[in-house]
Amino acid sequence: MQQRYFLTFLVCLITSLVSAQDPLKGTVYENGSNNRLNNVFIRDKNTKQLTITDNDGNFKIKTEAGHLLIFDSPGYVSDTLYVVDLTPKKIMLVPKTIALREVSINATRQNFDPQKEYPEVYQKSKVYVLSPTTWFSKEGKDARRLKRYFKTETEERHVDAVFTRAYVGSIVPLKGEDLENFMTMYRPTYAFITSNSSESLAVYINDSYKKFEALPPDKRLLPKLTDTTKMK
């Protein structure tokens, strides 16, 4: 009898352990549309487990109830998910260009050194001529995609650090919503920022302001945020 109870307990324990190791699956969409988002960076804040969405916006990450997942992608407002269970999730990310009323356009972001924070990603992303598995393995492909994401995120943060509200506001006579709209519509690229001097940037901002002022009033406004229910 005791042996039977012990076996029952052992089976339940193994089942729970296997269940705890099941990955959480889901899909990331652009809020207000059916567009699936690829290359969305997903991090488990509790374990630092990493993954990235595939070309169809799908993801899979090892996590468990009580953990916090962070969804991040350049051009979108970062979102978080508190894991309650492992049922498939539908995540909706809001484009930054239509969410300026909810977030600061140049909110201060912490220093980001992905090579220091995630050295394993850079190690797994390496390709060795005599090791074909490094070319085609899913782990290697995911690591290389994460590495590209880190590069884009680092570049976006550099633009944020240069193209600030305080700097732009000191050049053009815009404030509040008008300034936010202008900065989003005429945000320079990383390539422009790194290949031009501060004087050239000031000229670019002045020229862009003239274009902005020449637009009809309705064209100076960003699209309104669609009122959609967020499902998680």
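None of the figures in this text is laboratory data; all of them are computed from the coordinates on show. Keep in mind that this is a model prediction, so the values were computed, not measured. Note: ideal-geometry Cβ built from the backbone for every residue, glycine included; neighbour counts use all protein chains shown.
Between LEU215 and ASN58, how high is the FRET efficiency from 1/(1 + (r/R0)^6) when r is the Cβ-Cβ distance and R₀ = 35 Å? Nearest 0.05.
Details: r = 39 Å, r/R0 = 1.11.
Efficiency for this residue pair is about 0.35.
By a straight-distance test (C-alpha under 17 Å), which lysines pair with LYS90 as possible cross-link partners, with residues fewer than eight away in the same chain excluded?
Hits, sequence-local ones excluded: LYS25, LYS60, LYS62, LYS230, LYS232.
Just to be sure I understand the model, the point goes 7 Å from the Cα along the line to the Cβ. What's the resulting LYS116 to ALA191 distance in nm?
3.0
Report the paramagnetic label zone for ALA161: residues of region 174-191 whose backbone N is under 14 Å from a point 7 Å from Cα along the Cα-to-Cβ axis.
190
For ARG36 and GLN49 in one chain, what is 0.36 nm times their gap in residues minus the Cα-Cα distance, to one decimal in nm? Don't skip to the end; give the middle numbers.
Numbers: separation 13, 0.36 × 13 = 4.68 nm, distance 2.22 nm.
Going from the current span to full extension adds 2.5 nm.
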